[in-house]
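Student: Below: one structure in structure tokens.
Bear in mind that the values in this text are calculations on the coordinates, not laboratory data. Bear in mind that the values here come from a model prediction, so they are computed numbers and not experimental data. Every residue, glycine among them, receives a Cβ derived from its backbone with ideal geometry; neighbour counts consider all protein chains shown.
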Amino acid sequence: MKHRDKKQHRASSVSVNQRRRAIWLRRAGNQQKTQARSHTAAAELIQAVEGILFIARDPLTTAKLVQYARLRDGKEAHQYITQLNQRYDQGGHAFRIEEIAGGFQLMSRPTFSRWLKRLEHIPSPLRLSAPSIETLSVIAYRQPVLRAEVEAIRGVGCGEVIRQLMERELVRVAGRSHELGRPYLYATTKKFLGIFGLSSLKSLPPLQPFLHSLPTSDDDGVSTKPAYALITTEYLVESVVPGEGEHSADPAEPDGQDKQAA
């Protein structure tokens, strides 16, 4: 009886081990199939991201890419963008995906601009006058900023120039100050970031090489915000055309805002 019981126990142990091995082999096979499907799905998703960026006219955030391509999260979107750029760089393509204006966009390389600008549908380069560049520079580095602050730095009235920049969608009204009269606060737009090739405001070049400090307190010793005078703005725009209006008079603010005290 004991001998028979030992044989039965041994047989049952063997059968249990065989079942475990069979289960392990099935799981391993399923994992390999799943992995193969995931590689195929990843290749399709990379193509989907590429197609979406190719069609998009404006930069797309990772959240938009996740929504349109049905990705898991923004990390996966960044991963596919990196892989695509590696392909473009290794293959010597004339384009790559750039991070610009808070999103990603498929863009041609600057090397080929001299040929691409010959196409009729390519928009002409942005041209700004020197007063516009100076005003835009002050707003870009000190935003949100009052018009009075911009005028204090430049030394002339800037209402008309700010209006022109707003018409070109480079400057926007970012709110109102809590100071007397609730004057407007101005800031730059996403179009500004896109035109100047900036991913965000943190990408602005260091300000120190372009300015010298002005006094930060008045005659009565009242402390004010640090003021700066720009000494060059060639970094921002190369093409400058004269003729844009700049008036020393104080023009009306948008929506009929009254004249501010400088």
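Student: Among 95-101, 108-114, what's the highest-first ranking by average C-beta atoms within 10 angstrom per residue?
Tutor: Descending mean neighbour count gives 95-101, 108-114.
Student: Along the positive direction of the dipole of the range 76-121 (beta-carbon charges: Lys, Arg +1; Asp, Glu -1; about the Cα centre), which of Q83, M107, A94 reaches farthest?
Tutor: Going by the Cα projections, it comes out as A94.
Student: Using modelled amide H (1.01 Å from N, peptide plane; none on Pro or chain starts), what sits under 5 Å from the amide H of R176, excluding residues fewer than 5 places away?
Tutor: Here the answer is L185, since their amide H atoms fall under 5 Å of that of R176.
Student: Charges on Cβ only, +1 for Lys and Arg, -1 for Asp and Glu, centred on the Cα centroid of the range 116-171; of V150, P125, I162, which one is farthest towards the dipole's positive end?
Tutor: Farthest along the dipole direction, towards plus: P125.
Student: Can you order the peptides 190-202, 158-170, 116-128 by their average number of other Cβ atoms within 10 Å per residue, highest first?
Tutor: Descending packing order for the listed peptides: 158-170, 190-202, 116-128.
Student: Determine how many Å³ per residue the convex hull of the Cα atoms of the range 129-204 encloses.
Tutor: 91 Å³
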